[in-house]
């Protein structure tokens, strides 16, 4: 389906708010309050009949009107007051509703960014039944009805409060609006609301619609407190000169603009997480807990959830792949990997020459022939990883399933349904909803599998298949994402194709996958209900319209982005590098809260869809919620247990002959032992961003004394110092040298 086909157009109908703004602008009825520059644009602050407006003008190319403050009943004369450092302008207003302050700041180091932060101090306990949206593109003569453009992406559910659009006539350019929900925690708490789908709108009335109780016979009863300054809006608006273009340019532009907004946010702190200890506990429970595994045909298989659901191939391969990484990292075999590998042959259908989802003895309550499209390919991805690592059995199973994998791709013309019959390709469920789209990002996963086949065999047909799958989704734009980790692997496939072919088309196409991935992220920290007990910052909802973040998609995306970054080079857009690195950094921090022993007991679900929750088992919950719903409603994931192994094997690095490990929440792009007592590492995260480094005690020997230096020789002071670890905050990009004294006596 060609997502570029929908034309830009004028609105079919408009609200009274649009007409009122149009009337005031065309009558010249607004009073000037202040003006300042924003790169090549001008910002006029104007007092209207019931609002304070910021009009951003690009001379001769249109304008954008932003409602900076809503003033029902009007206001006394707005007063421009002294701005604090970092602010460009500050306006105080008094009205019947109370006192409001609007702070404006601008930045144009990368792309022009305008930030508007509005606080309200109510004159009485204030109920909020309705506040209008705040963003209006303007056409010629400041007429919002004459503006021609299109919204490309808007907030989904409780993800980032953003809207991304372009104003084409006049040729104002592209705009990304981000509402910083982190700053609005007091508003949500006081009004007992959540910002679900709060940023969006219908052209030309766009932006943020503050959440309020449903309009019904029951009025709101939760007021903003009298006399307390409450932030009711913190908007960041990023501008780009270019207007409509192809999907690749649009994807890269979105990533660049989102990166510019991200840099202006106050980011939450991260904590050190001992994923090695968590992995050891998980390995123990996988091996010893009766709820974790079951025996069939003389082999051992993992349950998908605690003592629930039938073993399936995706679950087995997810665990095998993670256990393999952990075994390679610790340089000794893990017995469970071999046990699980031994039973894989029972999933193989010799007639179809593919791997079935279920074992032959699956219960009658399951359709043994049904398979989700991604279930066909994701086990192959993990088999391919093992095959490339020299595992002979994995190689045989992988190569033996390739012909069927290609046959399925050709049958569906690289546009896979949600679910089909493995024996005859009959479609069980075509689309995810009434948009007619199936599993739109499976083509990216399939492309990565084909590239593994190409690397193993050097046969050109597999490279051609990878190209065809990526090309088939070229017009999907922001509809590309179906499931977060599949989208991440699609980005990795594009990057790998670029490395193999040297064709810029594939590097550029990777930005389309990244844009779709980060469109579904939550770049805010929720304090709503139980969410105050865990972090959701930069979490990505599992599905394009999913209500929760999921541990499996979290760590599998982390693994995909490791491959993406390690295949990249200096040509990678800096904003893409930064956002991916930041996602992975926060994943290491945030994923800890999926484990039930890390949450208060009253945060855990009591009604559970699959199995049960046992906080004594070191297996993660499937689901956490931005709005603080009970965690683990879907179940406690056995197949998500690979998280600890993946995180431990990427974030912790042994030093030969020493009794400590280096922990870093960014991938080490290089590491060099300079001498017996020094090592230099290189990070390649976002310029100006920070990373967490720790030297972690392993074994009984005491930690030595350390010095940590940046490339220029400046030393970094520790931020944490204990018998178990010494922590540092370091630049996320560049070379870091770690030196240590001779080991101290054994404790």
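Quick note: the coordinates plus some simple rules give every number you see, no bench work behind them. Fair warning: this is a prediction, and the values are worked out from it, not measured in the lab. Glycine also receives a Cβ, built like all others from the backbone with ideal geometry; neighbour counts cover every protein chain displayed.
Compared with the dominant Cα axis of the chain, that is its longest principal axis, helix 504-519 is turned about 70°. Packing order of peptides 236-247, 19-30, highest average first: 236-247, 19-30 (average count of other Cβ atoms within 10 Å over each peptide's residues). Full extension of the chain between residue 676 and residue 143 gives 184.8 nm of extra length, using 0.36 nm per residue less the Cα-Cα distance. What the Cβ-Cβ distance of residue 423 and residue 308 gives, at R0 = 25 Å and to the nearest 0.05, is a FRET efficiency of 0.40. Inter-part distance, region 567-581 to region 603-652, computed on C-alpha centroids, equals 30 Å. Principal axis analysis of the Cα atoms in region 275-650 yields extents of 53, 49, 47 Å, listed in decreasing size. Neighbour counts of C-beta atoms inside 10 Å place 374, 416 in the sequence 374, 416, starting with the fewest. The ranking of 136, 583 by Cβ neighbour count inside 10 Å, starting from the fewest, reads 583, 136. The angle separating the long axis of helix 484-501 from the principal Cα axis of greatest extent in the chain is about 80 degrees.
In this rough spin-label picture, where each label sits 7 Å from Cα along the Cβ direction, the residue 295-residue 702 distance is 5.0 nm. Our estimate of slack between residue 399 and residue 475, defined as 0.36 nm per intervening residue step minus the Cα-Cα distance, is 24.3 nm.
For region 402-467 versus region 305-329, the inter-centroid distance based on Cα atoms is 23 Å.
On the beta carbon distance between residue 361 and residue 94, with R0 = 60 Å, the FRET formula returns roughly 0.20. In percent, rounded to a whole number, the relative contact order of the chain is 10, using alpha-carbon pairs under 8 Å and six or more apart. Shape analysis of region 655-740 yields a ratio of the Cα radius of gyration to the Kirkwood radius, Rg/Rh, of 0.93.
Entry note, region 16-244: relative contact order of 19 percent, from Cα contacts under 8 Å with a spacing of 6+ residues. Sorted largest first, the spans of the alpha carbon positions of region 443-502 along the three principal axes are 33, 20, 17 Å. Using just its DSSP H runs of length 4 or more, each adding -39500 (n - 2.57), the chain gives a mean residue ellipticity at 222 nm of -9500 deg cm²/dmol after division by all residues. Cα extents for the chain along the principal axes, largest to smallest and rounded to whole angstrom: 82, 68, 53. Per residue, the average separation of C-alpha pairs within less than 8 Å and at least 6 apart gives region 655-740 a relative contact order of 35 percent.
So how tilted is helix 402-411 from the main axis of the chain? Cα-based, degrees 0 to 90, rounded to 10. Compared with the principal axis, the helix lies near 40 degrees.
With both labels modelled 7 Å from their Cα along Cα-to-Cβ, the residue 20 to residue 229 distance reads 2.7 nm.
Per-residue Cβ neighbour counts within 10 Å put 97, 549, 669 in the sequence 669, 97, 549, beginning with the fewest.
Average projection, convex hull of the Cα set of region 16-244: 12.0 square nanometres. Once the C-beta distance of residue 29 and residue 597 is scaled by a Förster radius of 56 Å, the resulting FRET efficiency is 0.35 to the nearest 0.05.
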